[in-house]
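Visitor: I am attaching a structure below and will ask some questions about it afterwards.
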Amino acid sequence: MRLIGMLDSPYVRRVAISLAHLGVPFEHESVSVFSTFEKFRGINPVVKAPSLVCDDGEVLMDSSLILQFIEAAKGNGNSLWSPNPGVLQHEIRAVGLALAACEKTVQIVYERNLRPASAQYEPWVERVRGQLLAAYAGLEREVQARRSAFAQARSQASITTAVAWQFTQSLLAPVVPAKDYPALVELSARMERTPEFLKYPPDGPGV
């Protein structure tokens, strides 16, 4: 299998780290949706990162769907989710908040970096900023309330939360001040020291 995309994308990075935790072998190819657009389109005409090229050549998209497939088809019974329904509910909420934070980070960065200043609509930017801050406020509460659950490095909630936090801090640290989120800072620092995170650092040209 081949994982296509740059590791500075939180969606690509969460897949790579999750596959490492699950012990699923794969090749990673650093192909950018921007600087190497045509190369990416040759692999996947939709040009969506991450893309997973399966053993039979079929291409899958969307990080959550890719990980769902991997656990079902390649996980050998291993999972990064709790089998306990109550705990699973909390994990799904945390991952949902983290993915929302990633999405809102991307929206703000694209608006500021790709759209001409004359075309930027500040009320919309403020709305997205509010959504971003709400997502991280929710995540901070989740980590503080369930420290034992987030103590597990081999957890999709821990992986995705830490990846999301690093991504936002690398691009929008002034918008989401680290001092206001001590639990997320601690979780991120701990996860970034693990072998799986160190193996797949957030390298790339940036959004």
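Visitor: Would it be correct to say that Lys104 is assigned by TED's automatic domain parsing to the domain that holds Ala162, surrounded by 11 or more Cβ atoms within 10 Å (Cβ to Cβ) and within 18 Å of Arg14 (Cβ to Cβ)? First the steps, then the outcome.
Guide: Values: assigned by TED's automatic domain parsing to the domain that holds Ala162: yes; surrounded by 11 or more Cβ atoms within 10 Å (Cβ to Cβ): yes; within 18 Å of Arg14 (Cβ to Cβ): yes.
Considered against the rule, which asks whether it is assigned by TED's automatic domain parsing to the domain that holds Ala162, surrounded by 11 or more Cβ atoms within 10 Å (Cβ to Cβ) and within 18 Å of Arg14 (Cβ to Cβ), Lys104 comes out as yes.
Okay, residues lined up against (1) at pLDDT 95 or above; (2) crowded, with 17+ Cβ neighbours inside 10 Å:
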{"site": "Gln166", "(1), (2)": "yes, yes"}
{"site": "Leu171", "(1), (2)": "yes, yes"}
{"site": "Pro182", "(1), (2)": "yes, no"}
{"site": "Glu192", "(1), (2)": "yes, no"}
{"site": "Gly204", "(1), (2)": "no, yes"}
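Visitor: Identify, from the list Gly204, Gly130, the residue that is within 18 Å of the chain's Cα centre (by Cα) and not aliphatic (A, V, I, L, M). Don't jump to the end; show me each part of the working.
Guide: Values: Gly130 fails: within 18 Å of the chain's Cα centre (by Cα).
None of the other options fit; the residue is Gly204.
Visitor: Is one or more of the residues making up the range 52-75 under 28 Å from Ala149 (Cα atoms), more than 14 Å from the chain's Cα centre (by Cα) and modelled with pLDDT under 95? Reasoning before the result, please.
Guide: At the first step, the residues of the range 52-75 found to be under 28 Å from Ala149 (Cα atoms) are 62-75.
Filter once more, keeping what is more than 14 Å from the chain's Cα centre (by Cα): 68-75.
Within this subset, residues satisfying the condition of being modelled with pLDDT under 95 are 75.
Yes: one or more hits.
Visitor: Which residue pairs have Cβ atoms under 9 Å apart, sit 6 or more places apart or on different chains, and have a first residue in the range 115-138 that is within 16 Å of Ala173 (Cα to Cα) and assigned by TED's automatic domain parsing to the domain that holds Asp180 and a second that is of a type in the set (Val, Ile, Thr) and part of a loop (DSSP other than H, G, I, E, B)?
Guide: As it stands, the answer is Arg129/Val175; Leu132/Val175; Leu132/Val176; Leu133/Val175; Leu133/Val176; Tyr136/Val176, since those pairs meet every condition given.
Visitor: Then there is this: Can you give me the ranges of the helices (runs of 4 or more DSSP H) entirely in the range 151-207 with at least 1 residues that are outside the structural domain of Ser64 (by TED's automatic domain parsing) and of a type in the set (D, E, K, R)?
Guide: On the way: elements: 156-172, 182-192, 195-199.
Per the criteria, 182-192, 195-199.
Visitor: Which members of the range 80-89 meet the condition of being in contact with a helix residue (DSSP H, G or I) (Cβ under 9 Å, 6 or more places away or on another chain) and surrounded by fewer than 17 Cβ atoms within 10 Å (Cβ to Cβ)? Quick ask: steps written out before the conclusion?
Guide: Going through the range 80-89, the residues in contact with a helix residue (DSSP H, G or I) (Cβ under 9 Å, 6 or more places away or on another chain) turn out to be 80-82, 87.
Listed by number, the residues that qualify are Trp81, Val87.
The values are calculated or read from the model by the stated rules, or taken from the named source; none is laboratory data. Since this is a predicted model, take the numbers as computed values, not measurements. FYI the Cβ positions are ideal-geometry reconstructions off the backbone, even for glycines, and counts take in every protein chain you see.
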